[in-house]
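Structure first, commentary second.
The values are calculated or read from the model by the stated rules, or taken from the named source; none is laboratory data. Computed from a predicted structure; not experimentally measured. Positions of Cβ are backbone-derived with ideal geometry, glycine not excepted, and every protein chain shown enters the neighbour counts. Note: areas computed on protein heavy atoms with side chains; ligands, DNA, RNA excluded. Shrake-Rupley method; radii C 1.70, N 1.55, O 1.52, S 1.80 Å.
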Amino acid sequence: LYIFLLTNVCVLCFKVLNESKLQQVDMLMLHFTTWRHSLSATALVEGKLGKSLKKVLKKVVAKEAHEQLAISDAKLGGVIKEKLDLSCVHSPAVAELMRCIRGQMESLITGLPPREMSAMSLGLAHSLSRYKLKFSPDKVDTMIVQAISLLDDLDKELNNYIMRCREWYGWHFPELGKVITDNLAYCKSVRKIGDRTNVAGSDLSDILPEEIEAEVKLAAEISMGTEVSEEDIGNIRHLCDQVVEISEYRAQLYDYLKNRMMAIAPNLTVMVGELVGARLISHAGSLLNLAKHPASTVQILGAEKALFRALKTRKDTPKYGLIYHASLVGQTTAKNKGKISRMLAAKAALAIRYDALGEDTNAEMGAENRAKLEARLRQLEDKGIRRISGTGKAMAKVDKYQHKSEVRIYDPSGDSTIPSTSKKRKFEEVEEEDATEPMTPAVKPKKAKRESVIEGE
């Protein structure tokens, strides 16, 4: 039996000469041969088989293939058994044996004082930490978090700059802001025109359509703006240059974020879009943290203030947070937004876990779930239309089963020749007859006088 042990100095391989002593875990007496070779610790931490380790183990297999190898990592043992066909042992007795070896490390490795051992331990810890930071999957999440934060900051700065540019140049040429509604086209036009007197000789065909260009030239002739100096025009042009540069950088950053999201979380990107997905990852901190959240939390992520205010005031809790900006929720009517956001959050939670913990990088599951949500959305919308028009109830109505006999029954209503009149008609005729009769005072009949008959005796 060989003992394979990872230490802070090197990787050691010991041979157990008396295997019967392993039966008594609490009373282990160690007898070992010397250590074999020093290996890379980073591959062993991840459970991978390095080249140098493979060479050492091949020598062990060539000499004594029937021997077993005791290891502390079951994952590494599976790799060794698969590639070298060497049986590995991982048990509590092996763990106790390795603990005892570490306790006697200074006596087993001669020539190393305790101070150097501690220095080696510190160096190994630093190198492993740097390796994990270098190859950490969370590092890519950090790039997404920083990119979406920068994108939001750029949008705010662009809005401020464009508003300032419109207000500043509006003193000189106020009609231009009403003619050109697009902000980027407005800044490019201002940068090219400069003073409004130059509009007639300027060619704006590469920026504006022909109709708008003609309208701008017409407005410049009758403009009511004030006169400004060349220095003012120069500063305004410099501001327009900043707006155009920031807009171009924003487009480049958006493409970078889109490609990064499709590489890291393709299913989430298909479900909710790259911007909403990046904001969800940024709000949770990382993709792995977002995968730990249930669907109900993903649904209201970003609406924490409204949630706690609703819980405090005992009112209705919010139905959606950042997921409200997804395209599926946006194209839904106000009545069905809550249902669609709940279903979208459930499917998005599955997509997030698949992206964070799965081995595949395709977006088939996200596309399939999105198709199901779109079908459900059409069903909800059609149901609402049918309910409004009244055709839904008619289509859903089922006739009650009634047994209809083929035997004909004689109808006696045709025997009488007297026309049948309704009760309402009879009542109306009686009222008319009462109205035609003259009103006569009612005379009470006189009572007959009783004649008293006296019978004589």
Which condition number does Cys240 fail, the rest of (1) assigned by the TED database to the domain that holds Ser149; (2) open to solvent by 10 Å² or more (accessible area, probe 1.4 Å); (3) in a helix (DSSP H, G or I); (4) not β-branched (Val, Ile, Thr) being met?
-> (2)
Name the residues in segment 352-363 that are surrounded by 12 or more Cβ atoms within 10 Å (Cβ to Cβ) and either of a type in the set (Asp, Glu) or under 13 Å from the mean Cα position of the chain (by Cα) (or both), would you?
-> Ile352, Arg353, Tyr354, Asp355, Ala356
A careful count of residues in segment 314-351 that are assigned to a loop (DSSP other than H, G, I, E, B) and either open to solvent by less than 40 Å² (accessible area, probe 1.4 Å) or without any contact (Cβ under 8 Å) to a residue 40 or more places away in the chain (or both) gives 12
Restricting to segment 208-230, what's the tally of residues that are more than 14 Å from Leu176 (Cα to Cα) and either surrounded by 17 or more Cβ atoms within 10 Å (Cβ to Cβ) or of a type in the set (A, V, I, L, M, F, W, C) (or both)?
-> 1
Filter result for the condition that a residue is aliphatic (A, V, I, L, M), within 14 Å of the chain's Cα centre (by Cα), modelled with pLDDT under 95 and more than 30 Å from Glu175 (Cβ to Cβ), over Leu311, Leu301 = Leu301
Across segment 85-100, the tally of residues that are modelled with pLDDT under 75 and open to solvent by less than 60 Å² (accessible area, probe 1.4 Å) stands at 1
Tally time: how many residues in segment 171-203 are in a loop (DSSP other than H, G, I, E, B) and not hydrophobic (A, V, I, L, M, F, W, C)?
-> 9
Cβ-Cβ under 6 Å pairs, at least 6 apart or on other chains, segment 199-227 side in contact (Cβ under 8 Å) with a residue 40 or more places away in the chain and polar (S, T, N, Q), far side outside any loop (DSSP other than H, G, I, E, B) and open to solvent by less than 70 Å² (accessible area, probe 1.4 Å) = Ser223/Glu175; Ser223/Arg196
Which of the residues that make up segment 118-146 are surrounded by 13 or more Cβ atoms within 10 Å (Cβ to Cβ) and either at pLDDT 95 or above or of a type in the set (Phe, Trp, Tyr) (or both)?
-> Tyr131
Provide a single number: the residues in segment 151-179 that are over 18 Å from Ile233 (Cβ atoms) and hydrophobic (A, V, I, L, M, F, W, C).
-> 5
May I ask you to verify whether Glu248 is in contact with a Ser or Thr (Cβ under 9 Å, 6 or more places away or on another chain) and either open to solvent by 70 Å² or more (accessible area, probe 1.4 Å) or not assigned by the TED database to the domain that holds Leu357 (or both)?
-> no
Find the residue count for segment 306-328, including only residues that are β-branched (Val, Ile, Thr) and out of contact with any helix residue (DSSP H, G or I) (no Cβ under 7 Å at 6 or more places or on another chain).
-> 1
